[in-house]
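Presented below is the structure to which this report refers.
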Amino acid sequence: MYYLRLFLMVAIVTLASIQVSVAEAVWGAKYFPEVTLTDHNGKSRKFFDDLIKDKIVAINFIYTSCPDTCPLETAQLMKVQDILADRIGKDVFIYSITIDPDVDTPEVLKSYREKFGAKWDFLTGNEKDIIKLRKKLGLYIEEIQDGSNNHNVSMIIGNQKTGRWMKRSPFENPHVLADQIGNWLDGWKSPQQHRDYSKAPKLRNITRGEQLFRTRCAICHTVTGNEIAGAVGPDLLGVTRTREKQWLFDWLKAPDQMLAKKDPIAVALYKKYNRVAMPNMRLNQMEAIDLLSYIESETARIKPDSGKVFATKNVQNSQQDLVAVMNAWVREPIVESETHAGYLTMINVSDKPVVLESIATNAYEKVEIHQMTHVEGLMKMIKVDSLEIAANGQAKLTPGGKHLMLISPNRTIKTGGRVRLKLKFKSGRIQVVDLPVLAK
């Protein structure tokens, strides 16, 4: 019996050593090109000896000017980083290698890394060396190389010491991806949590819109009303009630084009969220409709009494807009009246203050800005002659505060209609906006 045990122990040790030696032979230094890359700090790194030898790694290929998939990949890996926490850079290593080294210098990569708050290494190098790496890692598809930056969006994860490697989608559920990197590749050394699934909720059918949100949007956004600190995109609860529908369609289908045209709301979002651009997800009209329907249904579920107040879309070319206009509407008069009230929020996305001098419209004889104030113990409305909006600031005209006084209507004002205003600024510029008429 003793000799049998000894034989089994020797056999197991021998088998393990054979497996390791085979892994080293197949996935060792002779297989991987020992090219030299440069990291985001300008430091030279040898691919095999410095980056992957005896390490658990996740490697993807990106380029910083990518308008669609690369920002999503990086945002998804940020979630993996949050899950693996302090293991990143200690026993698990992530590398993002550019496929556009002419543009992506170490300085550019460092700036891109800081935008997302990433803690892993971003690397550049000689284009031919990078292509050689992509081919050896099985992440180069000859058929799609058309002179552009088309590339395989798969990533590869592996343990060089054991020879375990596998391709993964960077859009995989981040918990699944973190589990595969941190546990499967590590031989399940980390303690596992044993969960009782007897009380797990029943699975439900999800709509096409929810599926789209989970796979395209949840990487950067929530739809809960509680925006996560450090998020690279805003929480979307209620967005269908604070943005005009056509603006949302345009934004979902071509955010890169709206930024290029300097749409004021798009620019403001870009600045607010650390200049991380919304990627173009190539959504068609029906997908955009399904996605917005899901966001609206979640808004109705979480905030059923939140009423619809839509932002307006500026009529003029957005390049001429001085301010972004949101939450704009005219209250439908309950009875016939010579004065109506209107409201809007104006956001100055520039670095200089702007002054609104007057407002005109064909729907009324005149428009004034009024505010409620105490005069000798009584509340009175006082006309405001001009309104300054601070640099990167906003001016709110709301019920109970400053508001529009629309005097002597030239036509019937009813819910479903619109009132077009011309905002004249001190600079001489005029901006045209449409306000929906709402019964509230």
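Observations on the model:
Here is a yes/no grid of residues against (1) in the same structural domain as V153 (by TED's automatic domain parsing); (2) among the β-branched types (V, I, T); (3) free of Cβ contacts under 8 Å to residues at least 40 places away in the same chain; (4) within 19 Å of Q160 (Cα to Cα):
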{"position": "K79", "(1), (2), (3), (4)": "yes, no, no, no"}
{"position": "K110", "(1), (2), (3), (4)": "yes, no, no, no"}
{"position": "K119", "(1), (2), (3), (4)": "yes, no, yes, no"}
{"position": "K128", "(1), (2), (3), (4)": "yes, no, yes, no"}
{"position": "L133", "(1), (2), (3), (4)": "yes, no, no, yes"}
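- Residue list for region 222-235, filter: closer than 22 Å to S293 by Cβ and under 11 Å from the mean Cα position of the chain (by Cα): T222, G233, P234, D235
- L269 meets all of the listed conditions (1) modelled with pLDDT of 85 or more; (2) closer than 22 Å to E298 by Cβ; (3) not in a helix (DSSP H, G or I) but one, namely (3).
- Top-ranked residue of region 97-122 - restricted to ones that are surrounded by fewer than 17 Cβ atoms within 10 Å (Cβ to Cβ), of a type outside the set (A, V, I, L, M) and part of a loop (DSSP other than H, G, I, E, B), ranked as farthest from the chain's Cα centre (by Cα): D102
- Here the condition is being crowded, with 16+ Cβ neighbours inside 10 Å and at pLDDT below 90; of G125, G147, G182, it holds for G182 alone.
- Of all residues making up region 41-96, the number that are assigned to a helix (DSSP H, G or I) and among the charged types (D, E, K, R): 7
- Among (1) buried (at least 18 other Cβ atoms within 10 Å of the Cβ); (2) assigned to a helix (DSSP H, G or I), the one test that M278 misses: (2)
- Residues located in region 86-113, provided they are of a type in the set (F, W, Y) and over 22 Å from G182 (Cα atoms): Y112
- Considering only residues in region 43-98 that are at pLDDT below 90 and of a type in the set (A, V, I, L, M, F, W, C), the one that is nearest to G117 (Cα to Cα) turns out to be A75.
- Condition check for L236: crowded, with 18+ Cβ neighbours inside 10 Å, part of a helix (DSSP H, G or I) and not β-branched (V, I, T): no
- Given (1) among the polar types (S, T, N, Q); (2) more than 14 Å from the chain's Cα centre (by Cα); (3) on the phi > 0 side of the Ramachandran plot, index of the condition N274 fails: (2)
- Where strands (runs of 3 or more DSSP E) fall entirely within region 323-396, those with at least 3 residues that are modelled with pLDDT of 85 or more and under 25 Å from A439 (Cα atoms) are at 324-331, 339-347, 364-375.
The values are calculated or read from the model by the stated rules, or taken from the named source; none is laboratory data. None of the values given here were measured: they were computed from a predicted structure. Positions of Cβ are backbone-derived with ideal geometry, glycine not excepted, and every protein chain shown enters the neighbour counts.
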